1. Tell me, what does the Kirkwood hydrodynamic radius of region B:97-254 come to in angstroms if you use every pair of distinct C-alpha atoms?
2. Determine how many Å³ per residue the convex hull of the Cα atoms of chain A encloses.
3. Could you derive backbone 3J(HN,Hα) for region C:135-144 from the dihedral phi with the Karplus parameters 6.51, -1.76 and 1.60 (θ = phi - 60°), listing whole Hz in sequence and x where the residue is Gly or Pro?
4. Could you work out how far the C-alpha centroid of region A:191-228 sits from that of region C:42-99, in angstrom?
5. At a Cα cut-off below 17 Å, give the lysines reachable from residue B:193, other chains included and same-chain residues fewer than 8 away excluded.
6. Where does the charge balance sit around residue A:338 when Lys and Arg score +1, Asp and Glu -1, over other residues with C-beta under 15 Å from its C-beta?
7. Would you please calculate the Kirkwood hydrodynamic radius of region A:1-131 over all C-alpha pairs and express it in Å, rounded to one decimal?
8. Under the Karplus relation 6.51 cos²θ - 1.76 cosθ + 1.60, θ = phi - 60°, what is the ordered set of whole-Hz ³J(HN,Hα) values for region B:54-71, x standing for Gly and Pro?
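Each value in this text was obtained by applying a stated rule to the coordinates, not by laboratory testing. Bear in mind that the values here come from a model prediction, so they are computed numbers and not experimental data. Backbone-built Cβ (ideal geometry, glycine too); neighbour counts: all protein chains shown.
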Amino acid sequence: MSEKLLMKGNEAFAEGTVRAGCRFFAGYPITPQNEVPEYMSWRLPEVGGSFIQAESEVAAINMLYGAAATGIRTMTSSSSPGISLKQEGISYCAGADLPIFYANVARGGPGLGNIAGAQGDYFQSVRGGGHGDYRVFVMAPDSVSEMGNFPLHCYEVAEKYRVPAMILADGILGQMMEPLEFKFETVDPKSLKTPPWALGDCTGRKKRIVRSYDLSEGALEIMTLNRAKRYKEIEEKEVLFEARSCEDAELILVAYGTSARASTAALKMARAQGLKVGLLRPITLWPFPKKKIQELAAKTSSFLVVEMSLGQLVDDVRLAVDGRVPVHLHARPSGAVPTGEEIFAQIQEELKAQKGEYVCY
Amino acid sequence: MLLINPRPESLVDVKMHYCPGCGHGVAHRLVAEAMDELGIRERTIGVAPVGCAVFSDDYFNCDMIQGAHGRGPAIATGLKRTRPDCIVFSYQGDGDLASIGMGETIHSAARGENITIIFINNATYGMTGGQMAPTTLMGQKASTCPLGRDPQVNGYPIKVCELLAQLEGARYLERVSLHTAAHVIKAKKAVKKAFQNQVDGKGFSLVEILSTCPTNMGISPLEATKFIADKMLAQYPLGVYKGAEGGKIDVSRN
Amino acid sequence: MYQGIRISGFGGQGIISSGVLLAYAGMLDGKEVSFFPSYGAEMRGGTANCSVVISSEEVTTPVVSQPDTVIIMNEPSLAKFEPLVKSGGLMIINESLVKSRPKRQDIKVVLVPCNQIAADLKAPKIANMAALGAFCKHTGALSVEAVAKALPKVFKRAKPEILALNVEALKKGAALN
């Protein structure tokens, strides 16, 4: 569909959103996502879109709230501290059923932390993030190719269910270069239907209101329960994952994004030595591939969760496994990147322990 | 019976929740009349704030969006850049515009966004119950400064029109009041001009309306108008701070 | 084949563009590739470095923690990367600027007078090309021709005569033993 390009993850992501039909971007500089606003600043005017460098992340997400209310495809991006600032606005979008789209090119935290790639924002992403009961559709790319190709799917899911959608990447995915091809037809926004809730010219129809509140007694619960039906449908229909060598695996690695890349290296080392190891890579972090993990828990002997955070993904794996088999953790928080070698070393330990060669912990 | 001054089409025929003597009802009517007279109701999108006017999304008879506290100008920016053919206004109180949302206020003005802002200054927080506002007068009592605003503790009130007048991007700034019928008529002219400017592509227009909140001040509606005349006018002089001189901004911006 | 590379030097020595160039050349050559730079505050002053992988198979982690080859363009980089090189790996040293030598005996060391070669060509900015030439020769991971082919793709605004000088420096680096 297009030629092979060598692009930075951030640029591939930006180009991917434009090709997916994004015509409005507002954002604020923060490392390691600066290539996204830089790219959008010249690319969007080329296609008749709007780019604004906002005065803050707070302003940026609220500009998105306004722009998205007119029914067009919008995007903002930031990195961890900036995403924290956007949470109130994201909560408003969730409450007003606006299908906004954004990326967190995450870095080490808490606080100012550092500018290295990290996965410490997992909970913030998959549990809503801001105030109130809500969910965000979360995709976790693990390559530049996925950075460029996931935005279209995010828009489609966001619009179908009227929920915010996000990409949870990290500094490594944002900064690295890899070959990629855009595997979809470029979307012409004019070909998209204007949604029936979009604000604009009300000639010949009733006025429309976009809002996240209802103060009348019991009304907000009904509003939230109706939204929860869509959440349930997303959980049933929109789960994505990649399972590698899981069929006969005695130990299954679970990892997403950059830590899945390191885990793949470990998987290859293990298989080269004849060790029965598999890898489950959640591609959607919410909805989480809970059923797949339950199914694997019935066959495998243990899980090893690899994450660039203190132990967040491991909670979701443990909830799914529900005590059937042990779930171990390899955690490298705050900007550290696990190596294939160190993961492989822990795989060997866990397999030895499984076989009763010695008892650990 | 002959109805000389019927309800504007731009105002939905529902009962408003505002307290007796509150200025919001009058201010809403002025906005609605301006929309009617300019014939822009259908293509207008309003931004409702957080505060007493949160429910204005039910009252104005045009597409409405209600947003986070203080972020009206950012939301209006997103709407206007996406739909430059629409007329976009943000209706905000003093806590919303001059406290939590001061950043958005200043930067939307600095960018010269072609939007209209209706700013209600009643020197108090209404919906949350009479706390000190950024515009609360020196010595004025509030539920968070029960002994009166003290500069040692609370600093000084913010004069929004004077502040924004420093910015090249702000094109039209006028302060008006609602405390007498004559002032209401003048306020109407200012509100209409702020919308006309946007229709003409002239850029950022803000009308600051001195208004009443008798409930939170614990006084009668009449006393509240007297409070404006005797106290607020001295701190907040009425008048035009920027007159929308010059022509259009670059309307090719989107 | 698999080549994990780290390139390290001062900001301004073309460290990042060298990495991009190798990755681009690998891609044009039909290989799987990745490039990952150090970025942000670290790019100003101090040491800039990047990771490049060129492989016949899918690239797993783009952060090369145990490089097959390190290209050392300035003095501080030697101490930083000497411990990381794989046993039996290759260290290319810019001998114009780096006076120390590695203590390890289990790695191959190639000395390249990068700045001298660039100075001879009257193009001081292209010292990095001499090192890349040596990389091509001593690893066989890429041909000089493949790197030369990638040059105009990476330096889109460079004039043809500048590109020709780059190729010249590549060849001089590759001609050394």
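1. 16.3
2. Considering the Cα atoms of chain A, their hull volume per residue is 147 Å³.
3. 4, 4, 5, 8, 9, x, 5, 9, 8, 4
4. Region A:191-228 and region C:42-99 have Cα centres spaced 56 Å from each other.
5. B:202, B:242, B:248
6. With Lys, Arg at +1 and Asp, Glu at -1, the net is -3.
7. 14.9
8. Result, ordered by residue: 3, 7, 4, 5, 7, 8, 6, 8, 8, 4, 9, 9, 10, x, 5, 4, x, 9 Hz.
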